[in-house]
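One structure is given below, encoded as structure tokens.
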Amino acid sequence: MTTTTLDQAHPAKRSTLVEWLTTVDHKKIGILYGASAFIFFLLGGIEALIIRTQLMGPNGTLVSPEFYNQLFTMHGTTMIFLGVMPLSAMFFNFFIPLLIGARDVAFPRLNAMSLWVFLLGGLFMNASFLLNAAPNGGWFGYAPLSSRQYSPGLNMDFWVIGLQILGIASLAAGVNFFTTILNMRARGMTLMRMPMFVWSTLITQVLVLLSFPIITVALIMLMVDRTFGASFFSVGGGGDPLLWQHLFWLFGHPEVYILILPAFGIVSEILPVFSRKPLFGYSAMVFSMAFIAFLGFGVWSHHMFATGMGPLADTFFSLATMLIAVPTGVKIFNWIGTTWGGSLQLRTPMLFALGFIAMFIIGGLSGVMHSVAPADLQQTDTYFVVAHFHYVLFGGSIFALTAGAYYWWPKMFGTMLSESIGKVHFWLMLAGFNLTFFPMHFAGLLGMPRRIYAYPAGLGFEVYNMMATAGAFLLAISILVFMYNMWVSARRGEPAPADPWGGATLEWSIPSPPQEWNFTDEPIVTDRDDLWAQKRAAGVRTLPEPALSDGKGIHLPGPSWWPLIVAIGILIFFIGFMVPHTYAFPFGPITIAGFLLTTVGIFKWAYEPPDANATHH
Amino acid sequence: MSAHDNAAQDGHSHTSAGKYVQIAVILFALTALEVLLYEVSYGELSHAAGGLTAALEPWFVEILLILSAMKFWFVAMFYMHLKQDIKPLSWVFGFSLVIASVVIVAMIILFAYTRGLFWADVPW
Amino acid sequence: MSSTLAHDDAHAAHHTSLPVDNRKLAIWTFIGSECLFFATLISTYLIYKDTHAKGPGPKDIFEVPLVTAGTAVLLFSSFFVVMALNGAQEGNRKKLLGWLGATIMCGLFFLGMQVYEFNHFYHLGLGYTTNLFGTSFYTLTGFHGTHVAIGTLWLMTVFKDALKGRMPPAKALNLELAALYWHFVDVVWIIIFPVVYLMSLRS
């Protein structure tokens, strides 16, 4: 560090492609997460549009029943694991270091590995379409339907192995962000001074760390069943299909909080800024979020009321589920309390945040309806459930993520998104969303089952399905408007100041976009809404625009190829399990090659001198 | 990293070899007790130690769990240095253990219940 | 943020909010996550341990002496590795290499015992898919063995560093991380030994 020579200080200019492939900068990684997740999100959206077109009228014939199965399975899997989770990860990556006043995450190269593993896993799973063998057993892959006997093709192998790969990315990111948040905070930033988005990320990572190992084991067992003919989940060999359901939902229920808690955090950042008053009930918000996460491990069986677990288990899980409404209600109360009496500025991020509250309340209410086991028996596997979870996942997560995109876009790219186009986007999306999913409540209560590729005429489903299809296309138009807005911003967007919204948190104290080292001077935090406290102390509404610095003397980790190479090794390792096993030894040559590549990569990585290619300024 | 940070991070470096030896002795004693308990309850000694067998056998699982929990505790506290290290490390491990135990206990209860092993006669 | 630090302080990058190294916090986080991995495997074993309509069950094949030996070896290794850590922190290379070498031997011995055990059970008629008791037993103990193998490999790389004189006391954390993982693998066995072996042998 102190022995930096001039040669090292100015390494040879790398090509842009190499720069992005070897980057360990959390901001670049965040942008890569966002870009890939958005493309996967569009893919999942196209799948949804095909589904809606097929169901537009009775007896649809657009796609075959087999392809329909692939569509709804991939739609769910894509939106959850390749859409919402990595879109949240984009914000974790870009903004957690900025919000806590750090120059990077705790383990920059591990962060890069998470990205590449996620991206390769997502591409791997979608590559199944090229073989006409996309997963077709539903996003929760219920055994024994997903066992070799009933899913003989490669379809569910893609699903099992794809999820296994994606789990590695999530777990690595979980360790990384948990460590970063606990250990990399700026001086003076105590836990109870952390911005709410940081809290939500921390709690999300706890959920990831404790729930993903469960699905990892469940997927291993399913793979063993499929590949080696074991019978963990098949009745013939003494297995119990209920075990799969329990393990899946032991993971699956925390997973839905992994999808929604970051949204809670984003909205909790946006509402105070555009209400011009601090978040109402900060500590209640923190504790209710922690309580939701904790309870999230004790309610999984409410997904399984229809399996006949018996009255005692049903009662327990009903009550636990109802209990979750309490901390959730506290949060909604506090969001409304934040806006109450504030001087509201209805800019686009605020509109989406308010839309989130309204839509999430609707989704939350139908969620409480499911907690009543006898009522749930009527609703299970109908479109009522589809309506419910789209209200929390689209009306909740996607609205909040879009709010976050509008809020943080200026910081990420240095240009503003258009307010007028943004408002068109919001109203189109709100209308399209409700037109798509509200009628599904009625279709579901009339008894329309989920996952059917066609329905006969005369059951009263027609009008609701027609509305939903029209709404879906309206939603698609709203996404096109959003893309147009991004394009306009990239082409001729108004340059963003450091602090376009009058923000309360540290990211608005540095230039837009941030320089590579984020903070030229490491911040010292004295207050919960630290930037507001600084402005109050200075007696100004906006602080002067921060000057760009040359970053002299700041030491940053250098780029590395090894994260990408390890990610490729992991992908090859898992692909090896797709090959039919004709060996007495369970590991084929592909698996062994992948294992070797991964191991070599890890060793090279571990022994890579910390200052190799380091950027000194 | 200041000298103060260094001292805090390496605070456990003063654990003496003697302490480690003590813990090792305790761990072996506990393991021996576990095996002995098994032999007395069901194994080689179950015929010889009639009265003892009758006294211990009904509590076999409970005693065994307590013995292994003690071993677990000694390793975590002294070999993994949780006793000297900062509290957050204990919280991370402790909370994970709580959730892990919840999973194991819940699965045992749920499967025993659905297989009718207990609570099958609850009238409702 | 009223005052700022001189930004040319190269060490500022190493400031941590808690008085603990990032890597140590991370390994503990990972160990916490692993708890759930093994909890799931152990639950599955407990659910299926009596499912052996075909082939042998636990009482037909488990042998207390063999597994007690394996348990003792793992306990020994936990003791050895803290002694090695002690040596590393004191800068006593000889002590470090000796105890660490003994730890690695224990790891290899345990793996050898497991290979022998699996082979032995296989010849007693318990293949991987013979019955669910066998599948869940092999999966649980097999993944534990995989962890032992990874831990042994990790300790070997530390050993190699120490041999080349790259383990000064300032780098003792490198060994401590591996040791923490190693102890965790040991405590998992502390659970597996009574729960999987002894309890399944009850008549």
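Data for the structure
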quantity	calculated
B:L52 versus A:I477: modelled label distance in nm, points set 7 Å from Cα along the beta carbon direction	8.5
Under the Debye formula (equal points on every Cα, no solvent term), log10 I(q)/I(0) of the range A:244-363 at q = 0.17, 0.18 Å⁻¹	-0.85, -0.91
The range A:44-178: relative contact order in percent, alpha carbon pairs under 8 Å with at least 6 residues between	29
Chain C: relative contact order as a whole-number percent, Cα under 8 Å and 6+ apart	32
Cleavage-rule hits, chymotrypsin sites (Phe, Trp or Tyr not before Pro), the range A:390-452, DSSP coil, Cβ neighbours within 10 Å at most 15	none
Built amide H within the under 5 Å cut-off of A:F280, gap 5+	A:T338
Listed pairs C:K95/C:K164; A:K604/C:K94; B:K71/C:K24; A:K27/A:K535; A:K411/A:K535; A:K28/C:K24 exceeding 21 Å between Cα atoms	A:K604/C:K94; B:K71/C:K24; A:K27/A:K535; A:K28/C:K24
Projected label distance in nm at B:R115 and C:R166, using a 7 Å step from Cα toward the beta-carbon	5.1
Charged-residue dipole, Cβ positions (Lys, Arg, Asp, Glu), chain C about Cα centre, Debye nearest 20	340
Pair B:F28, A:L548: separation of 7 Å Cα→Cβ label points (nm)	6.9
Paramagnetic reach from B:V61 in the range C:28-52 [backbone N under 20 Å; point 7 Å along Cα→Cβ]	C:39-52
For the protein assembly as shown: rounded, prolate or oblate by the Cα gyration tensor [a/c cutoff 1.5]	oblate
Paramagnetic reach from A:L323 (point 7 Å along Cα→Cβ, amide N under 16 Å) across the range A:247-284	A:254
R0 of 56 Å, Cβ-Cβ distance A:T61-B:W91: FRET efficiency to nearest 0.05	0.45
Residues in the range C:122-158 that, when all protein chains are in place, have 40 Å² or more less accessible area than the chain alone would give (probe 1.4 Å)	C:Y128, C:T129, C:L132, C:T157
Amide H contacts of A:I510 (H built 1.01 Å from N, under 5 Å, at least 5 apart or other chain)	none
Against the rule of thumb 2.2 N^0.38 Å, how large the Cα Rg of the range A:54-194 comes out	1.34
Cβ neighbours within 10 Å from other chains - mean over B:78-84	5
Alpha-carbon Rg/Rh ratio, for the range A:25-556, with Rh computed the Kirkwood way	0.97
Modelled label reach - B:I108, point 7 Å along Cα→Cβ, the range C:33-56 residues with backbone N closer than 11 Å	C:43, C:46-47
Estimated vicinal HN-Hα couplings, Hz - the range A:136-143 in sequence order (Karplus 6.51, -1.76, 1.60; Gly, Pro = x)	9, x, x, 5, 9, x, 4, 7
5 angstrom amide H check on A:T382, placed H, neighbours 5+ away	A:R450
Cβ neighbours within 10 Å from other chains - mean over C:192-202	5
Kirkwood hydrodynamic radius over Cα pairs of the range A:36-95, then Stokes diffusion coefficient at 20 °C and 1.002 mPa s, in µm²/s	174
The range C:110-203: C-alpha gyration tensor shape, a/c 1.5 cut-off, then a/b vs b/c	prolate
Stretch in chain A that is longest and holds no trypsin sites (Lys or Arg not before Pro) that DSSP places in a loop and that have at most 14 other beta carbons within 10 Å	A:15-275
Anisotropy class of the range C:24-201 from Cα gyration tensor, a/c 1.5 cut	prolate
Inter-chain Cβ neighbour average for residues A:233-240, partner chain, 10 Å	4
Inter-centroid distance (Cα atoms) of the range A:378-444 relative to the range C:44-72, Å	53
For the range A:25-556: relative contact order, % (alpha-carbon pairs under 8 angstrom, 6 or more apart)	17
Integer Hz, Karplus 6.51/-1.76/1.60 couplings in order for the range A:376-387, x for Gly and Pro	4, 4, 6, 8, 3, 6, 10, 5, 4, 5, 4, 4
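The values are calculated or read from the model by the stated rules, or taken from the named source; none is laboratory data. Keep in mind that this is a model prediction, so the values were computed, not measured. Neighbour counts run over all protein chains shown; Cβ positions are idealised from the backbone, glycine included. These accessible areas exclude ligands, DNA and RNA; they are computed on the full protein's heavy atoms, side chains included. Shrake-Rupley method; radii C 1.70, N 1.55, O 1.52, S 1.80 Å.
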